[in-house]
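The structure appears below as structure tokens.
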Amino acid sequence: MERREMPRVKLSTQGLEVSKLGFGCMGLTGVYNAPIPKEAGIAIIRHAFEAGITFFDTADAYGPHTNEVLLGKALKHFPREKVQVATKFGIAGFDVSGMRVKGTPDYV
């Protein structure tokens, strides 16, 4: 597939530009449903990049930790300066009482 260009937007006032459309990776590693095969997830992420998406969203809780690893494997062959990754941390899990948050320095 030939790489396409997508309109870009600035985030904040510090000059960071991202693709106008981002790709949320949460559904690739079993948060909504069963995890998809790793090779399929990598292919989906690469297809998104080839379609012009350069902004990817992930979190350590999406797996846990497997989502960030999957995204890294998918993007490792693309120029780093062409990709923007947003990640989140602090959600240590869920149980019957709700979300467990962990913001200790060793976890972060």
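Read-outs: derived from the displayed coordinates by stated rules, not from any lab. Because the structure is a prediction, the values reported are computed rather than measured. Glycine also receives a Cβ, built like all others from the backbone with ideal geometry; neighbour counts cover every protein chain displayed.
Working from Cα positions, state the angle (0 to 90°, nearest 10) between the long axis of helix 66-75 and the longest principal axis of the chain.
The angle comes out near 10 degrees.
Taking the chain, which trypsin sites (Lys or Arg not before Pro) meet the DSSP loop condition and have no more than 16 other C-beta atoms within 10 Å?
Loop-located and lightly packed - ARG3, ARG4, LYS20, LYS76, LYS102.
Of HIS47, HIS77, HIS65, which has the largest mean-square fluctuation in a 10 Å C-alpha GNM of the chain?
Its mean-square fluctuation being the largest, the pick is HIS77.
Residue-wise, which Karplus ³J(HN,Hα) couplings in Hz belong to the stretch 33-50, taking 6.51 cos²θ - 1.76 cosθ + 1.60, θ = phi - 60°, and x for glycine or proline?
Along the stretch 33-50, the couplings run 8, 5, x, 8, x, 3, 4, 5, x, 4, 5, 5, 5, 5, 5, 4, 5, 5 Hz.
Averaging over all projection directions, find the projected area of the Cα convex hull of the stretch 8-101 and quote it in nm² with one decimal place. Walk me through the intermediate numbers first.
Values: hull surface 27.6 nm².
If you wrap the Cα atoms of the stretch 8-101 in a convex hull and average its projections, you get 6.9 nm².
Checking the cross-link filter: which lysines have an alpha carbon closer than 17 Å to that of LYS38, excluding same-chain neighbours under 8 positions apart?
Once the sequence-local lysines are set aside, what remains near LYS38 is LYS73, LYS76.
Using Cα pairs under 8 angstrom and six or more residues apart, how large is the relative contact order of the chain, in percent?
So the answer I get is 23 percent.
Put a dot 7 Å past each Cα toward the Cβ at LYS38 and VAL101; how far apart are the dots in nm?
Once both label points are built, they end up 3.3 nm from each other.
At 7 Å along the Cα-to-beta-carbon direction for both HIS65 and ARG4, put a label point, then send me their distance in nm to one decimal.
3.7 nm
May I ask you to list the chymotrypsin sites (Phe, Trp or Tyr not before Pro) in the stretch 14-98 that are in a DSSP loop and have at most 15 other Cβ atoms within 10 Å of their Cβ? Before the final figure, lay out the partial values.
Working: sites: PHE23, TYR32, PHE49, PHE55, PHE56, TYR62, PHE89, PHE94; in loops: TYR32, TYR62, PHE89.
Passing both the DSSP loop test and the Cβ count: TYR32, PHE89.
Could you check the simple spin-label distance between LYS20 and GLU50, using points 7 Å along Cα→Cβ, in nm with one decimal?
2.3 nm
Order of VAL9, VAL101 from fewest to most other C-beta atoms within 10 Å?
Ascending number of Cβ neighbours within 10 Å: VAL101, VAL9.
Residue by residue through the stretch 84-90, what is 3J(HN,Hα) from phi via Karplus (6.51 cos²θ - 1.76 cosθ + 1.60, θ = phi - 60°)? Round to whole Hz and write x for glycine and proline.
Rounded to whole hertz, the list is 10, 10, 10, 10, 10, 8, x.
Placing +1 on the Cβ of each Lys and Arg and -1 on the Cβ of each Asp and Glu in the chain, which of ALA74, TYR107, THR58 has its Cα farthest towards the positive end of the resulting dipole?
With unit charges placed on the Cβ atoms, the residue in question is ALA74.
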